[in-house]
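Each reported figure results from applying straightforward, stated rules to the coordinates on display, with no laboratory input. A quick note: this is a predicted structure, and the numbers were derived from the prediction, not measured. Ideal geometry is used to build each Cβ from the backbone, glycine not excepted, and the neighbour counts take in all protein chains shown.
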Amino acid sequence: MSTSRRQFLQTSFFGSVALAAGAASVTSLLQSCGSGRKVVAGPGRTGFSQQPLPYAYNALERAIDAQTMEIHYTRHAASYATALQEAARNEGVDMNKPLEEVLGRISKYSTKMRNNGGGHYNHELFWKSMSPKGGDKPTGPLLTAIEESFNSFDSFKTQFADAGKSRFGSGWAWLYFDGDKKLRIGSTPNQDNPLMDVSEIKGVPLLGLDVWEHAYYLRYQNKRPDYITAWWSVVNWGFVAERFTAFR
């Protein structure tokens, strides 16, 4: 069995377990996002260790080249997981609990915890948000909600892309549920995300796009808009729909 196939099977198994565990706690996910809401784990609940990439490095070639994926996963993302575990041990964090709980009160922890906890969470979500069979657009309730919230799917794509293009320096673009469970688009700097109590935007992320230069520079150089345009072809709308259904 190939390494990439083994990684895919491992990730599929752990993902299924996580989804089942997360679904049971969906109703208690948020208690007041933006004003003290406690974040509880949901679909794809995140641990403190890096999970296997769910596809080969070259699987997303039409949008992201294999070398970028390998460097991104094995160096950048791996370093966040390692540093997060160091911070957790030093600060007495129970690593058996989901990382989402820590991010919801990240202001109580160190900058190291914030940067690496965010970096690890964001990347674990990012990998699952892409697929070799991705692209096109969602269907069913997710598509309906996007069209109602942003007038049309094309308008949503434009607004989301603009959030990524306009983020100064490094950061992320997000589709997320706000405290009223309305779909919103926004962006955060560095490795912040909407789960954090210190974030510029607050809520539950459904889809995130990494716009740090290391995510795209080998192929696209400084052409971030071109990277974003190509990225739509690998979006895993099935995964996004699972999160939408669980958290709405």
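The largest-to-smallest principal axis extents of the Cα set in the range 101-248 are 40, 38, 25 Å. Taking other C-beta atoms within 10 angstrom as a stand-in for reagent exposure, S79, S107 fall in the order S107, S79, fewest first. The ellipsoid equivalent to the alpha-carbon distribution of the range 78-183 has semi-axes of 31, 15, 14 angstrom, derived from the gyration tensor eigenvalues as √(5λ) and listed largest first. Building the convex hull from the alpha-carbon atoms of the range 122-207 and averaging its projection over directions returns 5.9 nm². With q set to 0.16, 0.20, 0.27, 0.29 Å⁻¹, the log10 of I(q)/I(0) for the range 190-236, from the Debye formula over equal scatterers at the Cα positions, is -0.55, -0.76, -0.97, -1.02. With a cut-off of 10 Å between beta carbons, the residues surrounding E91 carry a summed charge of +2, where Lys and Arg count +1 and Asp and Glu -1. Loop-located chymotrypsin sites (Phe, Trp or Tyr not before Pro) in the range 105-196 (DSSP state other than H, G, I, E, B) with a sparse environment of at most 14 neighbouring Cβ atoms within 10 Å: F168.
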